[in-house]
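Working notes for the structure below.
Here, each number is a calculation from the coordinates, and none is a lab measurement. Since we're looking at a predicted model, the values are computed, not measured. All Cβ positions, even for glycine, are placed from backbone atoms using ideal geometry, and neighbour counts span all protein chains on display.
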Amino acid sequence: MSELTPMMRQYLEIKADHPDAILFFRLGDFYEMFLDDAVKASRILDITLTSRNKGGDGADIPLCGVPFHSAAPYIAKLVEAGEKVAICEQVEDPKSVKGIVKREVVKVVTPGLVIDAESLSPKENNYLLSLFPGPDRWGVAYLDLSTGDFRVTETDSADAAWAEVACVNPREILMPLSFRDGGAGSERPDLAAGRMLSYVDEWVYDAEYAERMVRNHFGVASAEAAGCGSMDCGLRAVAAVLHYLQQTQKGDVRHISYLQAYRTQEFLVLDESSRRNLELNATIGDGKRRGSLLGLLDRTVTAMGGRKLKQWINYPLVSIEKINERLDAVEELVADAEFRQGVRAALDGVYDLERLNGRISLASASAKDLVALRASLVRLPSLIALLTPAASTLLARLRDGIDLLADVEELIGRGIVPDPPFVLREGGIIAQGYHSELDELRSISREGKGFIARLEAQEKARTGISSLKVRYNKVFGYYIEVTKSNLSAIPDDYIRRQTLANAERFITPELKEYEEKVLGAEDRIVELEYALFQDIRQRVAAQGERIARTADRLATLDVLAALADVAHDHRYVRPTVDEGDAIVVTGGRHPVVEALNRSERFVANDVQLDNGENQLVIITGPNMAGKSTFMRQVALIVLMAQTGSFVPADEASIGVVDRIFTRVGASDNLARGQSTFMVEMMETAAILRNATPRSLVVLDEIGRGTSTFDGVSIAWAVAEYLHDTERCAAKTLFATHYHELTELAVTRNRVKNCNVAVKEWNDQVIFLRKIVEGGASHSYGIQVARLAGLPQEVIERAKEILHNLEKGEYAEGGIPRIARGKRAGAPKPSPQLSLFDQGDDLLRRRIAGLNIAALTPLEALNILDELKRMV
Ligand SMILES: Nc1ncnc2c1ncn2[C@@H]1O[C@H](COP(=O)(O)OP(=O)(O)OP(=O)(O)O)[C@@H](O)[C@H]1O
């Protein structure tokens with residue numbers, strides 16, 4: 001080590017503090033990477049890896065580099081590949097007499113802290129999420145550094161905390177260091193996968209430190225004032241985020257000025273699988289946005305509106321007052337098409353103010369960003385004018401809360417040219433008239449250039465050399481060029497500088513004097529422009545809170561207008577949302593199936609669920625009839641109503657729901673090492689534990705993942721439990737293929753049977769898609785299998801087996817009908833009896849199945865004994 005060059009020593013020292021990051025080590029106009037970092041970076045970035053003797057001991061060190069001026073895309077690519085990048089610059093060392101000698105890390109870019117990569121999709125947040133597992137609660141905090149959106153909550157279980165992770169979908173998760181080995185990350189590898197896990201020292205989570213951190217950052221007297229309230233675990237999760245920010249972002253993070261604390265009870269609780277099953281954000285099949293509820297409703301015209309809509313859909317409200325406030329606003333926008341379109345058009349040119357604000361605050365905004373901010377602000381007065389007559393409380397509040405930010409608009413308009421260049425250091429950014437010294441320098445530069453043109457004419461006249469040129473290059477500055485044939489005519493005051501093949505170059509004292517003035521002015525212009533730009537950017541950054549508030553209001557307005565637009569186009573109606581206990585929907589439709597499945601007209605259906613006679617609705621019907629679609633549609637209508645959206649129905653009255661649980665189909669979670677059946681049972685257990693009479697439960701064929709007898713028994717018992725247990729007597733839709741369950745209605749008075757009607761025609765089944773009262777008589781599984789293209793031979797044999805099963809399994813003489821032919825020497829299987837036969841029926845069937853003529857006396861005696869025991 002002692003033989004290393006000083007530079008390498010410095011590199012290794014810095015690297016020791018950032019072992020998990022690729023170090024971008026500034027050397028002149030390049031960022032260099034060494035050793036393992038170089039090997040990794042050259043592979044990911046596909047750039048040349050070289051080696052050089054920097055070790056001083058003869059050892060070659062691998063290295064690669066990227067130009068300083070165009071480093072951003074390389075950094076973005078590394079971060080995209082899941083790496084952290086520590087940017088190390090030369091900084092002035094106050095202790096050093098010579099000036100710049102020190103290098104230090106000025107910023108660490110991590111996947112969760114990306115603010116301006118192309119990979120940031122406009123309508124998605126890029127969250128850094130922090131988990132703090134306390135003894136009985138979990139703190140969850142998440143921040144989008146690019147927008148300043150910062151939220152905190154607490155959950156009462158690890159599952160609920162991971163449900164937040166699934167919903168928030170962060171790129172990076174912060175956890176206490178003690179969880180590195182086999183801790184929380186390994187608890188849910190499926191959710192941890194694909195996200196960077198970063199660990200924070202335990203002491204950061206110390207209550208006192210956390211409180212101090214939060215107070216200092218938000219400049220408030222207590223954590224309570226910062227919005228953390230009494231969330232002790234939440235506070236610690238927040239502190240970890242702030243600590244991590246301090247470690248990675250050396251710059252100002254003023255735009256992170258507001259922490260939004262929420263309690264899960266303030267929202268309709270949706271667990272992870274319900275969000276997935278209802279396809280709120282993405283489809284189950286291909287994980288795409290198209291085909292999801294969000295995909296359908298997202299007609300927002302701004303990126304911030306898109307992000308807010310996602311927030312609304314994932315966190316529907318439970319406050320009737322707030323829901324109706326949103327619905328009033330949507331109604332006003334639905335009713336007046338001109339108003340709605342006007343608002344949407346006014347918002348259409350508004351840029352992503354949240355991200356612009358983030359970049360401005362983090363001093364990475366370009367002049368173009370400031371111009372974009374101004375272009376957005378310019379649109380606000382006409383938007384306010386449009387909103388002036390708005391009557392609904394929410395629209396009026398938004399209108400009154402939008403800050404025109406006229407001072408910011410004026411400053412940018414006065415200071416920055418309308419179409420500035422991308423590169424800040426090229427000049428041409430600051431508008432004429434903004435700064436007198438700059439104007440003066442510019443006129444010197446202009447005049448200087450004019451002087452040089454005049455000088456050329458003057459020298460031509462003085463020397464009589466018509467081909468004489470005044471030119472400029474970086475080495476000599478301005479010079480006079482005379483071709484060889486004219487050399488005899490040059491005056492005495494010309495000083496030779498360079499001889500070329502055909503010409504010679506000269507300077508004169510007068511030319512040099514002007515040159516100094518012009519070039520000096522130009523250098524100073526670039527410097528001054530940059531300083532002025534930084535000053536403007538800082539002054540705008542100081543207004544970050546105001547910009548953030550206005551951005552939030554514009555986003556809300558955008559969401560309301562988008563919901564209204566969809567409602568208008570798809571003929572949705574305003575639901576009545578109240579405290580009643582009933583969900584009554586007439587002519588309900590599945591919003592997405594209706595919109596996307598154009599090959600079949602959507603058949604609307606009614607539903608009534610309440611805590612009385614219609615608490616538990618058992619839905620039977622063939623496969624493919626539309627049971628799942630119907631149940632999901634009910635859940636989506638409730639969810640949309642509580643989001644503040646109109647709903648796809650002729651009429652809907654929704655008694656507000658506290659939770660929606662869905663247990664739909666088989667969702668394997670092999671990554672978690674659990675079987676399909678296990679997951680199904682765990683989800684069912686969670687429902688029975690957490691449902692309340694105000695909840696909506698959707699159960700689709702539970703118990704299907706095991707043997708028929710076990711399955712039907714579990715399904716039956718679960719249904720009974722949901723009916724009989726007061727604590728969790730939720731409004732329940734229960735689809736099943738076990739027709740036996742329809743019997744529940746006989747003994748339980750809050751059970752209703754429904755089925756999805758079909759028509760039989762020529763041994764074919766025609767789906768009517770209509771939900772009607774009563775249980776289904778048939779499964780029609782075989783007909784559906786035929787539709788799916790099973791070979792005719794298999795279909796015929798299945799029918800035969802079905803017939804036999806229905807008629808009893810044995811032919812006369814005890815020959816089993818299902819297996820073709822007799823099994824030699826095998827003991828006779830006992831006849832499979834219906835689960836729900838009464839004891840007498842068993843006896844009767846056993847006797848009916850006897851072929852007396854074929855029995856030996858001993859067999860007859862044994863059977864008699866068996867029958868006696870049965871009695
Ligand atoms: N009301 C409806 N109107 C029009 N098409 C519908 C309707 N309901 C369902 N469909 C169509 O029928 C298809 C099958 O519906 P769904 O999956 O809900 O049936 P299912 O009864 O749950 O079937 P399985 O028991 O096999 O799961 C859907 O993909 C949808 O396109």
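What is the diffusion coefficient of region 531-615 in µm²/s, taking the Kirkwood radius over Cα pairs and the Stokes-Einstein relation at 20 °C with a viscosity of 1.002 mPa s? Please report the intermediate quantities before stating the final value.
Details: Rh = 17.6 Å.
Estimated diffusion coefficient is 122 µm²/s.
Rounded, prolate or oblate: which fits region 331-432, taking a ≥ b ≥ c as square roots of the Cα gyration tensor eigenvalues, rounded meaning a/c under 1.5, else prolate when a/b beats b/c? Each step should come with its number before you reach the end.
Details: a/c = 2.66, a/b = 2.57, b/c = 1.04.
Prolate, since a/c reaches 1.5 and a/b exceeds b/c.
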Q. In whole Å, what are the Cα extents of region 6-109 along the three principal axes, biggest one first?
A. 40, 32, 24
Q) Between the helical axis of 509-541 and the dominant principal axis of the chain, each derived from Cα atoms, what acute angle in degrees is found, rounded to the nearest 10? A) 30 degrees
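Using 0.36 nm times the number of residues separating VAL106 and LYS517, minus their current alpha carbon distance, what extension gain do you get? Please list the in-between numbers first.
Numbers: separation 411, 0.36 × 411 = 147.96 nm, distance 3.65 nm.
In short, 144.3 nm is gained.
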Q: Any chance you could check the Cα centroid distance between region 715-756 and region 488-526 for me, in angstrom?
A: 98 Å
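Given the -39500 (n - 2.57) contribution per DSSP H run of 4+ residues, what per-residue ellipticity at 222 nm results for the chain, rounded to the nearest 500 deg cm²/dmol?
Working: 30 runs with 372 residues, N = 871.
Using -39500 (n - 2.57) per qualifying helix, the result is -13500 deg cm²/dmol.
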Q.
Cut-off is 10 Å between beta-carbons; in what order do TRP761, TRP138, TRP716 appear when sorted fewest neighbours first?
A. TRP761, TRP716, TRP138
(Q) Cross-link candidates for LYS759: which lysines have Cα within less than 28 Å, leaving aside residues fewer than 8 places away along the same chain? (A) LYS627, LYS770, LYS799, LYS807
Q: Label region 576-778 by shape, choosing from rounded, prolate and oblate, from the square roots a ≥ b ≥ c of the eigenvalues of the Cα gyration tensor; if a/c is under 1.5 it is rounded, and otherwise prolate applies when a/b is larger than b/c, oblate when it is not.
A: rounded
Q. Taking the DSSP beta bridges in region 576-778 as the whole, what percent of them are antiparallel, to the nearest 5?
A. 40 percent
Q: For LYS308, go through the lysines and keep the ones whose alpha-carbon is under 23 Å away, minus same-chain ones fewer than eight residues off.
A: LYS123, LYS288, LYS322
Q) Long-range amide H contacts for LEU197: which residues qualify at under 5 Å (H placed 1.01 Å from N, peptide plane, sequence gap of 5 or more or a different chain)? A) ILE173
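Using a 10 Å cut-off around each Cβ, can you sort MET682, MET213 from fewest to most neighbouring Cβ atoms?
Working: MET682 16, MET213 23.
Result, fewest neighbours first: MET682, MET213.
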Q: Can you tell me the 0 to 90 degree angle between the C-alpha axis of helix 337-348 and the longest principal axis of the chain, rounded to 10?
A: 50 degrees
Q) Helix 708-724 versus the longest principal axis of the chain: what angle, 0 to 90°, nearest 10, using Cα atoms? A) 80 degrees
Q) Which lysines have a Cα less than 24 Å from the Cα of LYS512, not counting those fewer than 8 places away in the same chain? A) LYS449, LYS460, LYS469, LYS474, LYS484
Q: Just rank MET304, MET624, MET7, fewest to most, by other beta-carbon atoms within 10 angstrom.
A: MET7, MET624, MET304
Q: With θ set to phi - 60°, apply the Karplus curve 6.51 cos²θ - 1.76 cosθ + 1.60 along region 560-571 and write out the HN-Hα couplings as whole Hz, x wherever there is a Gly or Pro.
A: 4, 5, 5, 4, 5, 5, 5, 4, 5, 5, 9, 6
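How large is the translational diffusion coefficient of the chain in µm² per second when you combine the Kirkwood radius over alpha carbon pairs with Stokes-Einstein at 4 °C and 1.567 mPa s?
Values: Rh = 33.3 Å.
Approximately 39 µm²/s, per Stokes-Einstein.
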(Q) I need the calculated FRET efficiency for the pair ASP29 and SER119, taking r as the beta carbon distance and R₀ as 22 Å, to the nearest 0.05. (A) 0.25
Q: Search the structure for amide H atoms under 5 Å from the amide H of ASP606, placed 1.01 Å from N in the peptide plane, and list their residues when 5 or more places away or on another chain.
A: GLY587, GLY588, ILE771
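Just check region 601-661 against the gyration tensor rule for me: Cα atoms, a ≥ b ≥ c as the square roots of the eigenvalues, rounded for a/c under 1.5, and otherwise prolate or oblate depending on whether a/b exceeds b/c.
Values: a/c = 1.81, a/b = 1.24, b/c = 1.46.
Taking the square roots of the gyration eigenvalues as a ≥ b ≥ c, region 601-661 is oblate.
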Q | LEU843 paired with ASP400, simple spin-label distance in nm, labels 7 Å along Cα-to-beta-carbon | A | 8.2 nm
Q. Which ³J(HN,Hα) values in Hz, rounded to whole numbers, follow from the phi angles of region 857-871 under the Karplus curve 6.51 cos²θ - 1.76 cosθ + 1.60, where θ = phi - 60° and Gly and Pro get x?
A. x, 5, 4, 4, 5, 4, 5, 4, 4, 4, 5, 5, 5, 4, 5
Q) To the nearest 0.05, what FRET efficiency results for ASP60 and GLN90 with a Förster distance of 41 Å applied to their C-beta separation? A) 0.95
Q | DSSP beta bridges in the chain [antiparallel fraction, %, rounded to 5] | A | 65 percent
Q: Using Cα centres only, tell me the gap between region 68-93 and region 381-449 in whole Å.
A: 31 Å
Q: Return the long-range amide H neighbours of LYS731 (sequence gap of 5 or more, or a different chain), with a cut-off of under 5 Å between placed amide H atoms.
A: SER695, VAL697
Q. Among residues other than ASP206 whose Cβ falls under 13 Å from its Cβ, what is the net charge (Lys/Arg +1, Asp/Glu -1)?
A. -3
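With the contact rule set at Cα under 8 Å and sequence spacing of 6 or more, what percent relative contact order holds for the chain? Can you show the working numbers first?
Numbers: 1542 pairs, mean separation 76.3, N = 871.
Computed value for the chain: 9 percent relative contact order.
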Q.
Less than 11 Å Cβ to Cβ from ARG497, Lys/Arg counted +1 and Asp/Glu -1: what total charge do the surrounding residues give?
A. +1
Q: Pop out the Kirkwood hydrodynamic radius of region 436-532 from its pairwise C-alpha distances, inverse of mean 1/r, in Å to one decimal.
A: 14.4 Å
